[in-house]
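K.L.:
Structure below; questions to follow.
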Protein chains: 2
Amino acid sequence: MKQPDLTTLIPVARGDEPADLILTNARVVNVFTGEIDETNIAIAGGYIAGLGDYEQARETIDLAGAYVAPGLIDAHMHMESSMLPPPQFARLAVPHGTTSAIIDPHEIANVLGAAGVRYMIEAARDVPLDVHLAVPSCVPATNMENAGAELSAADIEPLLADECAVSLGEMMNFPGVVFGVPEVLEKVKVGLRKRVDGHCPGLTGKALQAYIAAGISNDHESTVLEEAREKLRAGLKVFIREGSAAKNLEALLPLVTKENKHRFCFCTDDRHPQDIMTEGHIDHVIRKAIGLGMDPVTAIQLGSHFTAVHFGLTRVGAVAAGYQADLVVVEDLKTFEVREVYRGGRLVARDGCYLGSESGARIEPPIDSVRLPADLSVASFAVPAPLAGAKIRVIGMQLHQLITTERIEEPTVSEGAIVADVQRDILKLAVIERHRATGNVGVGFIHGFGLKRGALASTVGHDSHNLTVLGTNDADMLLAARALEETQGGQVVVADGEVLAVMPLPIAGLMSTESAEVLVGQQQALRNAYRTLGSPVEDPFMTLSFMPLAVIPKLKLTDLGLVDVDRFDFVPLVVEG
Amino acid sequence: MKQPDLTTLIPVARGDEPADLILTNARVVNVFTGEIDETNIAIAGGYIAGLGDYEQARETIDLAGAYVAPGLIDAHMHMESSMLPPPQFARLAVPHGTTSAIIDPHEIANVLGAAGVRYMIEAARDVPLDVHLAVPSCVPATNMENAGAELSAADIEPLLADECAVSLGEMMNFPGVVFGVPEVLEKVKVGLRKRVDGHCPGLTGKALQAYIAAGISNDHESTVLEEAREKLRAGLKVFIREGSAAKNLEALLPLVTKENKHRFCFCTDDRHPQDIMTEGHIDHVIRKAIGLGMDPVTAIQLGSHFTAVHFGLTRVGAVAAGYQADLVVVEDLKTFEVREVYRGGRLVARDGCYLGSESGARIEPPIDSVRLPADLSVASFAVPAPLAGAKIRVIGMQLHQLITTERIEEPTVSEGAIVADVQRDILKLAVIERHRATGNVGVGFIHGFGLKRGALASTVGHDSHNLTVLGTNDADMLLAARALEETQGGQVVVADGEVLAVMPLPIAGLMSTESAEVLVGQQQALRNAYRTLGSPVEDPFMTLSFMPLAVIPKLKLTDLGLVDVDRFDFVPLVVEG
């Protein structure tokens, strides 16, 4: 952790030198005792010098009885899900009271490897948000697809040694741990020099014991109370996740008691920009927890202090002498509407408005990560017709679920090729390797999107983030792919040879260079355009982004072809009759 | 922290390989949830593989419903106070359930510097007790005396970098921190790479804020509840001390609640061998806490888990998968009588009997630290008579207190010298520099010991551990000093030219090479001998050991002379009339 300049801080604490800033008449949320302390807060050099009857200061602000909580901390998140790099993410999240986050830049790592991770760290400097690194542990997620990079134990080592690194990020390959796969254990061993974050949805019994025995320290994947209870008892810190897609707070909250609360933290995992803008970030989780009956001070502890303790962040997560002056001011603890946010003693947000510096520009974002083969053409998407009587495997998309089904369908053939069939809602899906222009294109068919015309494409495709295209015809699919090559990534809607809307995500094909406001506007434009294509799906790009994820059953498509996840192997498109 | 061999542990956890040992029908104290879990414990390679219905093992022991708590941890102690080096200390403390200790080898560091610290670490290897190092921060304690060594920030740095080091040890120089003395802050800065332990008796208000602002993380010096409450609120972890001399448990216990209990730990600080033998160690603190009304599981958390968490010891302090199999078996939680102790999965004590290995012999103890000048003679203790009408400063010893008074008395003169006066209970006190044979001898007079004949001497003399001699005549004083030179340290009682009893402490003049049993016998013999000299003082050697400690008021004696601690300066023995 960064340390304060003690020669500045101590004389102010002692009362011999004036503070930079004194907040008077504060009701401090004491995360150590659970009490509310009525006191003044003296700040010097960005840190809290002391709490007490401090009076001398260059600036004094009377809080008139408002509550002061420590800056909020997200225990586990992928910033890429906000589609914003650190400076823009900070603009969005800081007004909600978030002053620290443990980020696992797993998405950009799949595109750019260690360089992507280092970009996220560098871009977070000078931003009024402390970014702590969980080094991505599972890049690539599988060997069933081509990612842009991979991180071995040897690659992880120097990243983990960085001062800002707090852990090896979520070890999603829990089967690899439980079955003791050497390369996986090698990574765990490196990670244990700091700590290893977990990810083990549904793991139970002896398999869970084996995972924990390896030294995994936390998990954020519990969705039901009994699952979280077993993990809690077994020794994992339980990160209660409340993100945009996965919402576990209501299910898990009843597990938290005074006796065990120090074993819990709040996290968002994945949170979309519009949701942060309209609902909030960790402050939203706190409000929701309070609404569900949790004591406000406990909610603040889970949303800040306990996370700092878990990750050994000794200078954040409390309003006390020696702590960084990261403060959230609210008028009412129960409504927990963030009024002001101080970070390092500076006011960085008031009434939802960001007042921090425009920074993070000192590093150029990586914006050249979409490389398509020069000879990509409509022919790249063509699927020759099979023998008569053969059928095809079709991905069965299910609303609001990451899990797909496998459907065996009659192919619709036209001019010697299998084509999309709008009538039967069997559309064409293609995954184009986009990192090294290898020319790999996986082509398959999918049911459930209900598109009547046009195509859509995205460079956000978990976890390798190849270019995924869904379409009713090959020409529009090609146009969509080329449009994203031009913007160097993003999401696009095309129809009848025309680009209807595009949201550029040029940073690694994952994040915008625009502000959150512009980005959200672009997302809305995409949605409007998409609705003209006749599909009932609410958030098609989100759904589309999980179609290449070959670790979630049943049938998925990567740039290497169709994957039967249950068998963990490729399967042919055509099922001979 | 040491890490388990995952390739051994994981298959056992998974249930695919037999455990080394399974403890069946255990009632496990779950320090995470506060619950009691009825289960089996599978152990492999010294670590807990898992909790659950494990059955296959090379050895199975049916605990028949006995409780299993994690091995106990002393959060702050000076092992030298037990007068036993690590192997012998382990023999004494392990049967009481202590399997880890954070030791600050401050006493031996004052004698031997970094070499003494390294001896303590090395001697603790292969001992069934994990010794974690708090690097002594204040050696020497003052510049008013000659210690055997000093530790600068540069000396501290490599010690703190050792894997076994968890903190910079208690920063007793709290005025130095509060007033920002550069050399002191230099040490704190080095310490903050891990953590800095505190020591700030009675510190309050802004001075306390300043001390904490520096980054101090804990304190074990609270003696009254309000003091501890202020420190707790201000952010210090409160170590509740219950040692041989300082007993703070009863005063502080009412402060602990479910809401704040994770901010407390138990420690002993200084515990004498006889007390450990007859009453216990951390188990004694737990029993006493339960007797005072604390819930047993909470008491166990303070005596183990919370200490492990505070010091970042991730593999001890819980009975859970991946934790070192350090276990305490008790039949009844309320009486908490330790039945068996496992350390690293091996049974190391049963019913109070040590069953561990005879180890730690692989390093030779340092036994040549008492170096007296060759020309030491009765003349070394002589004090020339002053001018007529002059008086002398006499140390006023007070029973059961470390604080002394200053008495101004008429000197008793004989043959041109000031001599001890048994009738008036004014005895002679000498402090002989014993580390480098400089020939420095500080001589003074003391009231309160009530000795009628003979002399006593000790090489335990806080904090520099020079040779302290108290006597009724110079000849016996010389004999006492020479006797301890011969044993290379210890404590001795002489009278009329004869050594009545001696307890050798040849390791740095502080610790025995004998077993605890022999040592306690020698202590008893010293006591018996002392009683024949006519003094009513209960524990004269303990009292004597604090007479050179020039940081506790009022009048003290070092090898450099009489010190007025309130003025923090030397004062002459003679007060001119």
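K.L.:
If the protein assembly as shown were replaced by its equivalent ellipsoid, with semi-axes equal to the square roots of 5 times the Cα gyration tensor eigenvalues, what would those be, largest first, whole Å?
P.N.:
So the equivalent ellipsoid measures 68, 32, 23 Å along its semi-axes.
K.L.:
What whole-number distance in Å separates the alpha-carbon centres of segment B:368-384 and segment A:100-177?
P.N.:
Rounded to whole Å, the Cα centres lie 67 Å apart.
K.L.:
Something else: At A:LYS2, with labels set 7 Å past Cα in the Cβ direction, how many nm apart are the copies from this one, shortest first?
P.N.:
The answer, with the shortest distance listed first, is 3.9 nm.
K.L.:
A further question on this structure: Calculate the spin-label point distance for A:ARG482 paired with B:ILE36, positioning each point 7 Å from the Cα along the beta-carbon direction, and give it in nanometres.
P.N.:
Going from the B:ILE36 label point to the A:ARG482 one covers 7.5 nm.
K.L.:
If you don't mind, another one. What gaps in nm, shortest first, separate B:ASP62 from its twins in the other copies when you place the label 7 Å past Cα toward the beta carbon?
P.N.:
Once sorted, the set of distances for B:ASP62 reads 7.5 nm.
K.L.:
While we're here: With the contact rule set at Cα under 8 Å and sequence spacing of 6 or more, what percent relative contact order holds for chain B?
P.N.:
Reported relative contact order: 15 percent.
K.L.:
So, one more: Starting with the highest mean, order B:549-556, B:347-354 by the number of other Cβ atoms within 10 Å, averaged over the residues of each peptide.
P.N.:
Ranked from most to least packed, the peptides come out as B:549-556, B:347-354.
K.L.:
Ignoring ligands, DNA and RNA and using a 1.4 Å probe, state the total buried accessible area between B and A in Å², rounded to the nearest 100.
P.N.:
For chain B against chain A, roughly 4200 Å² becomes buried.
K.L.:
For segment A:467-577, what ratio Rg/Rh do Cα atoms give with a Kirkwood hydrodynamic radius?
P.N.:
1.01
K.L.:
Tally Lys/Arg at +1 and Asp/Glu at -1 over every other residue whose Cβ is under 12 Å from the Cβ of B:VAL551; what's the total?
P.N.:
-1
K.L.:
How much of the DSSP bridge set in the protein assembly as shown is antiparallel, in percent, rounded to the nearest 5?
P.N.:
Close to 70 percent.
K.L.:
Nm distances between the label at A:GLU183 and the same-position labels in the remaining copies, 7 Å along Cα→Cβ, shortest first?
P.N.:
So the label point of A:GLU183 gives 5.6 nm to the other copies.
K.L.:
Suppose R0 equals 22 Å; then what is the FRET efficiency for B:VAL575 and B:VAL181 from their Cβ-Cβ distance, rounded to the nearest 0.05?
P.N.:
With a Förster radius of 22 Å, E is 0.10.
K.L.:
Still on this structure: Based on the alpha-carbon gyration tensor of segment A:23-168, what equivalent-ellipsoid semi-axes (square roots of 5 times the eigenvalues) come out, in whole Å, largest first?
P.N.:
39, 14, 14
K.L.:
If you don't mind, there's one more thing I want to ask. Grab the beta carbon distance between A:GLU415 and B:ASN25, set R0 = 51 Å, and tell me the FRET efficiency rounded to 0.05.
P.N.:
Here the calculated transfer efficiency is 0.10.
K.L.:
Here's something else I'd like to know. Which percent of Cα pairs goes in each bin when the distances of segment A:100-219 are cut into 5 angstrom slices starting at zero?
P.N.:
Calculated over all Cα pairs of segment A:100-219, the distribution is 2, 12, 23, 23, 19, 12, 5, 2, 0, 0 percent.
K.L.:
Now a separate question. Once the principal axes of the Cα atoms of segment A:248-369 are found, what is the range along each, listed largest first in whole angstroms?
P.N.:
47, 38, 30
K.L.:
Now for a different question. List the relative contact order of segment B:498-577 as a percent without decimals, with contacts defined as Cα pairs under 8 Å and 6+ residues apart.
P.N.:
This gives 15 percent for segment B:498-577.
K.L.:
Then there is this: What FRET efficiency would be calculated for the residue pair B:GLN423, B:ALA525, taking the C-beta separation as r and a Förster radius of 25 Å, to the nearest 0.05?
P.N.:
0.30
K.L.:
Can you give the local net charge around B:VAL469? Use residues other than it whose beta-carbon is closer than 12 angstrom to its beta-carbon, Lys and Arg +1, Asp and Glu -1.
P.N.:
Around B:VAL469, the charge tally is -1.
K.L.:
For the cross-link pairs A:LYS247/B:LYS231; A:LYS231/B:LYS189; A:LYS231/A:LYS428; B:LYS194/B:LYS231; B:LYS231/B:LYS554; A:LYS237/B:LYS231, which exceed 32 Å when the distance is taken from alpha carbon to alpha carbon?
P.N.:
Over 32 Å apart, Cα to Cα: A:LYS247/B:LYS231; A:LYS231/B:LYS189; A:LYS231/A:LYS428.
K.L.:
Beyond 16 Å, what share of the Cα-Cα pairs of segment B:224-312 is found? Please give it as a whole percent.
P.N.:
Tail of P(r) above 16 Å: 50 percent of Cα pairs.
K.L.:
Please report the accessible area of B:SER458 (heavy atoms, 1.4 Å probe, ligands and nucleic acids excluded) in Å², nearest 10.
P.N.:
Roughly 0 Å² of B:SER458 is accessible to a 1.4 Å probe.
K.L.:
P(r) for segment A:421-513: what percent of alpha-carbon pairs falls in each 10 Å bin, starting at zero?
P.N.:
19, 51, 27, 3
K.L.:
OK, next. Angle between the Cα long axis of helix B:474-486 and the longest principal axis of chain B, 0 to 90 degrees, nearest 10?
P.N.:
Its long axis makes an angle of about 30 degrees.
K.L.:
On the protein heavy atoms, probe 1.4 angstrom, tell me the percent of accessible surface of the protein assembly as shown carried by carbon and sulfur.
P.N.:
51
K.L.:
Percent antiparallel among DSSP beta bridges with both residues in chain B, to the nearest 5?
P.N.:
The answer is about 70 percent antiparallel.
K.L.:
Could you work out the mean projected area of the convex hull around the alpha carbons of chain B, in square nanometres to one decimal?
P.N.:
25.6
K.L.:
Follow-up. Count the net charge of all other residues whose Cβ sits under 9 Å from the Cβ of B:ASP130, scoring Lys and Arg as +1 and Asp and Glu as -1.
P.N.:
Cβ neighbours under 9 Å give a net charge of +1.
K.L.:
Another question, then. With each label point set 7 Å from Cα along the Cα-Cβ vector, what nm distance links B:THR204 and A:GLU498?
P.N.:
Result for the modelled spin labels: 8.0 nm.
K.L.:
A follow-up question, please. Need the C-alpha centroid separation for segment A:224-292 versus segment B:509-543, integer Å.
P.N.:
If we compute the Cα centre of each part, the gap is 59 Å.
K.L.:
Trypsin sites (Lys or Arg not before Pro) within segment A:410-503: which are DSSP loop residues with at most 16 other Cβ atoms inside 10 Å?
P.N.:
A:ARG424, A:ARG436, A:LYS452, A:ARG453
K.L.:
Label-point separation (nm) for A:VAL224 and B:GLU538, each offset 7 Å from Cα along Cα-to-Cβ?
P.N.:
Simple spin-label model gives 6.2 nm for this pair.
K.L.:
Kindly state, as a whole number, the per residue volume in cubic angstrom of the convex hull around the alpha carbon atoms of segment A:119-166.
P.N.:
Hull volume over Cα atoms, normalised by residue count, gives 84 Å³.
The values are calculated or read from the model by the stated rules, or taken from the named source; none is laboratory data. On a predicted model such as this, the values are computed, not experimentally measured, just so you know. Virtual Cβ from ideal backbone geometry, glycine too; neighbours counted across all protein chains shown. Accessible surface is based on the protein model in full, side chains and every heavy atom, while ligands, DNA and RNA are left aside. Shrake-Rupley method; radii C 1.70, N 1.55, O 1.52, S 1.80 Å.
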